[in-house]
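The values are calculated or read from the model by the stated rules, or taken from the named source; none is laboratory data. Note that the coordinates shown come from a computational prediction; the quantities given were computed from them, not determined experimentally. Surface accessibility is based on the protein's heavy atoms, side chains included, excluding ligands, DNA and RNA. Shrake-Rupley method; radii C 1.70, N 1.55, O 1.52, S 1.80 Å.
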Amino acid sequence: MKRKRVGVLISGRGSNMAALVEATYDAGYPAEVVCVVSNRPDAAGLEFARSRKISTHVIDHKLYSTRESFDAALNDYLQSQNLDLIACAGFMRIMTSVLLEPWEGKMINIHPSLLPLYRGTNTHERALADGVKVHGCSVHYVTAELDGGPVIARAEVPVLPGDTPATLSARVLVEEHKLYPKALAMAVRKLT
Ligand code: GRF
């Protein structure tokens, strides 16, 4: 079996990217991470990728005057890498059709809520404010609708008495790190 080539987009810590990279060390895993791209030069995740000898690339969004010109530069780089799939992992950018269209059906994202609940930011705060008993995370295809593309897989996490956004997000993050490698493998296996 030829492993599919995956590029990971990050903006910061990169713990989900690291979980994906660790999963690829299993010989039976159907994908390899061939590059990690960040829109922030100081993203901590870049150090991890470098330490694992994975090719890293920075495209600083601050150097582009429009979303479209940034997306075009990012798309050019991604196209040059011969990728089968892109995994967004804490990539904090709203994307335009310049990036979305070429990768339709081939770009996935992890989101810290049980989609379709709590799209967007501050998911843990909003879940706690609503008093939900169950929260979690989802991996979904990226479409023009923010956090609105088809869901690939979800993991539930209980909300416990006394939870704060910090304690809840930490509990969800543990599940994110298990869910993302599984969901990426599912998406890769569906590629033709
Ligand atoms: C995660 O909670 C992810 O679900 C969300 O942003 C966070 C990124 O964390 N999209 P990390 O950079 O993967 O550590």
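Here are the numbers for the structure shown:
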| item | result |
| --- | --- |
| Radius of gyration, Dmax [region 127-192; alpha carbons; angstrom] | 13.7, 47 |
| Largest-first ordering by accessible area, 1.4 Å probe, given options VAL188, VAL132 | VAL132, VAL188 |
| HIS177 accessible area, assembled protein chains, probe 1.4 Å, Å² | 60 Å² |
| Region 52-192, relative contact order [Cα under 8 Å, separation at least 6], % | 19 percent |
| Length-normalised contact order for region 1-118 - Cα pairs under 8 Å, 6+ apart - percent | 30 percent |
| Helix-only [θ]222 nm of the chain, DSSP H runs n ≥ 4, -39500 (n - 2.57) each, per residue, nearest 500 | -11000 deg cm²/dmol |
| Folded to 0 to 90 degrees: helix 67-80 orientation relative to the chain principal axis, Cα | 60 degrees |
| Fraction of antiparallel bridges per DSSP, the chain only, in percent to nearest 5 | 40 percent |
| Fraction of accessible area attributable to carbon and sulfur, the chain (%, probe 1.4 Å) | 54 percent |
| Filter on LYS133/LYS190; LYS2/LYS106; LYS106/LYS190; LYS4/LYS190 - keep pairs with C-alpha separation over 21 Å | LYS133/LYS190 |
| Solvent-accessible area per residue for region 13-168 (1.4 angstrom probe, square angstrom) | 48 Å² |
| Crossing angle, helix 165-190 versus the chain [Cα axis fit, 0-90 degrees, rounded to tens] | 50 degrees |
